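Beneath this line is the structure, given in structure tokens, with notes to follow.
Just so it is clear, none of the values below were taken in a lab; they were calculated from the coordinates. Computed from a predicted structure; not experimentally measured. When we count neighbours, we look across all protein chains shown, and the Cβ atoms used for this are built from the backbone with ideal geometry, even at glycine.
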Amino acid sequence: MKRRPPPLAELLPLRLADLTAPTIEAWAAKEAKDRPARVRLALRLLKAFLRWAASEPDLKGKADPTAASAKKTREVAGKAKPKNDYIQREQLPTWFAHVRQIQNPVIAAYLQCLLLTGARREELAELKWEDVNFQWRGLELKDKIEGRRAVPLTPFVAHLLAALPRRNEWVFSSPASASGRLTEPSIAHRQACAAAGLELTLHGLRRSFASLCEWLDIPGGISAQIQGHAPQGVREQNYIRRPLDLLRVHHEKIEAWILEQAGIVFDAKAAPGALRVVNG
């Protein structure tokens with residue numbers, strides 16, 4: 001199947017002087033019919049580029065920094081609708097069952113780890129073996145707020161990672177990818193969710209982690225720190241410091257509860273790679 005060019009491809013052959021408000025509005029109206037979210041992202045990138053071009057001495061007078069900011073263009077692209085997809089407690093058994101049937105074991109492990117860590121999709125996809133510490137049970141994730149953050153390596157996640165092939169530096173590797181790591185797990189996830197009768201995005205897994213934590217007596221700051229949310233309030237920002245072992249106490253409780261609700265019987269005391277998982 002031929003891949004469709006990205007939204008901005010149509011504008012690339014144009015001169016800077018031709019990137020006028022009417023031209024961009026017409027382009028946005030055409031592209032937004034079936035991919036409005038990608039058009040909104042493309043518009044943000046185009047705005048930044050035009051502002052940069054207008055500030056360059058060599059390009060002075062050739063670019064209109066406001067050409068992509070017209071009200072009509074914004075209206076054509078529409079507003080982003082907040083997504084509320086997440087896994088409900090009673091849906092956990094069917095989600096796990098279908099995800100674990102995915103033929104690619106790397107994708108199956110990645111999706112389960114995404115739910116059980118509450119991480120952002122790229123944070124987990126960019127995890128390297130050097131960032132995994134089986135001895136001290138910790139992970140080092142890239143973080144868009146702090147740069148790096150440490151999170152607990154919980155028993156079931158450790159089991160999933162220990163079973164993965166070590167092809168290269170990436171934990172979630174992919175021989176078919178130019179980068180050597182997993183880049184597009186969404187297709188397999190959508191297929192699994194469709195078979196399960198669910199509608200769920202990858203970011204919905206992150207939202208699910210936060211929502212499922214509400215079933216437990218877990219302080220909000222704990223789950224927020226695990227997920228890499230910015231501290232809220234003076235006390236969280238300036239006074240609360242939680243070490244990894246404290247996070248681990250709560251994170252392991254969260255993982256155990258999710259697995260219990262999913263009907264997965266799991267021996268959490270065995271060593272990684274020798275863990276016994278039995279479908280309940």
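Counting just the Cα atoms, what span does the stretch 28-152 cover along each of its three principal axes? Round to the nearest Å and put the largest first.
Each principal axis gives a Cα extent; for the stretch 28-152 these are 59, 33, 24 Å.
Which angle between 0 and 90 degrees, to the nearest 10, do you get for helix 244-262 versus the longest principal axis of the chain when only C-alpha atoms count?
Long axis of 244-262 versus the principal axis of the chain: about 90 degrees.
What's the center-to-center distance, using Cα atoms, between the stretch 184-258 and the stretch 22-36 in Å?
When both Cα centres are located, 36 Å separates them.
What list do you get for Lys30, Lys60, Lys142, Lys253 if you sort them by fewest beta carbons within 10 Å?
Numbers: Lys30 13, Lys60 10, Lys142 19, Lys253 16.
Ascending Cβ contact count within 10 Å gives the list Lys60, Lys30, Lys253, Lys142.
Determine, from the Cβ-Cβ distance of Arg89 and Ser55 and an R0 of 35 Å, the FRET efficiency 1/(1 + (r/R0)^6), rounded to the nearest 0.05. Walk me through the numbers before you get to the answer.
Details: r = 52 Å, r/R0 = 1.49.
Once the sixth-power term is evaluated, E becomes 0.10.
Quick one: what are the phi-derived ³J(HN,Hα) couplings along the stretch 7-13, Karplus 6.51/-1.76/1.60 with θ = phi - 60°, whole Hz, x for glycine and proline?
Using θ = phi - 60°, the values come out as x, 6, 4, 5, 8, 4, x Hz.
If I fit a long axis through the Cα atoms of helix 105-117 and take the longest principal axis of the Cα atoms of the chain, what angle between them do I get, 0 to 90°, rounded to 10?
Result, in degrees: 90.
What pairs from Lys33/Lys62; Lys47/Lys79; Lys33/Lys60; Lys33/Lys71 go past 27 Å between their alpha carbons?
Table pairs above 27 Å Cα-Cα are Lys33/Lys62; Lys33/Lys60.
Find the relative contact order for the chain and round it to a whole percent, using C-alpha pairs within less than 8 Å whose residues are 6+ positions apart.
On the way: 350 pairs, mean separation 52.5, N = 280.
Result for the chain is 19 percent.
Would you mind checking which residues have amide H under 5 Å from Ile264's amide H? H placed 1.01 Å from N; only 5 or more apart, or other chain.
Under 5 Å from the amide H of Ile264: Gly280.
Can you list the HN-Hα couplings for the stretch 60-71, worked out from phi with the Karplus curve (6.51, -1.76, 1.60; θ = phi - 60°), rounded to whole Hz and with x for Gly and Pro?
In residue order, the calculated couplings are 4, x, 9, 10, 9, x, 9, 4, 9, 10, 5, 4 Hz.
Note down, for the stretch 13-77, the three equivalent ellipsoid semi-axes (square root of 5 times each alpha carbon gyration tensor eigenvalue), biggest first, whole angstrom.
On the way: eigenvalues 94, 23, 18 Å².
The answer is 22, 11, 9 Å, longest axis first.
Please list, in chain and number order, the residues 5+ apart from Arg181 or on another chain whose amide H is under 5 Å from its amide H, with Hs placed from the backbone.
Here the answer is Ser174, since their amide H atoms fall under 5 Å of that of Arg181.
What value, in deg cm²/dmol to 500, does the helix sum -39500 (n - 2.57) over DSSP H runs of n ≥ 4 give at 222 nm once divided by the residues of the chain? Display every interim value, and only then the final one.
Details: 12 runs with 127 residues, N = 280.
It comes out at -13500 deg cm²/dmol, rounded to the nearest 500.
How much length, in nm to one decimal, is gained on full extension between Val265 and Asp217, taken as 0.36 nm per residue of separation minus their Cα-Cα distance?
Details: separation 48, 0.36 × 48 = 17.28 nm, distance 2.20 nm.
This chain segment gains 15.1 nm when fully extended.
Just the Kirkwood number for the chain, please: inverse of mean 1/r across all distinct Cα pairs, in Å, one decimal.
Numbers: mean 1/r = 0.0467 Å⁻¹.
One over the average 1/r among Cα pairs gives 21.4 Å for the chain.
Say we join alpha carbon atoms closer than 10 Å with springs in a Gaussian network model of the chain; which of Lys128, Lys33, Lys144 then has the biggest fluctuation?
In the Gaussian network model the winner is Lys33.
Lys128's amide H: which non-local residues (gap 5+, or another chain) put their own amide H closer than 5 Å, with H modeled 1.01 Å from N in plane and none for Pro or chain starts?
Hits under the 5 Å cutoff: Val171.
Using a Gaussian network model on the chain with a 10 Å cutoff between Cα atoms, which of Gln103, Gln191, Gln261 fluctuates the most?
Per the Cα network of the chain with a 10 Å cutoff, Gln103 tops the list.
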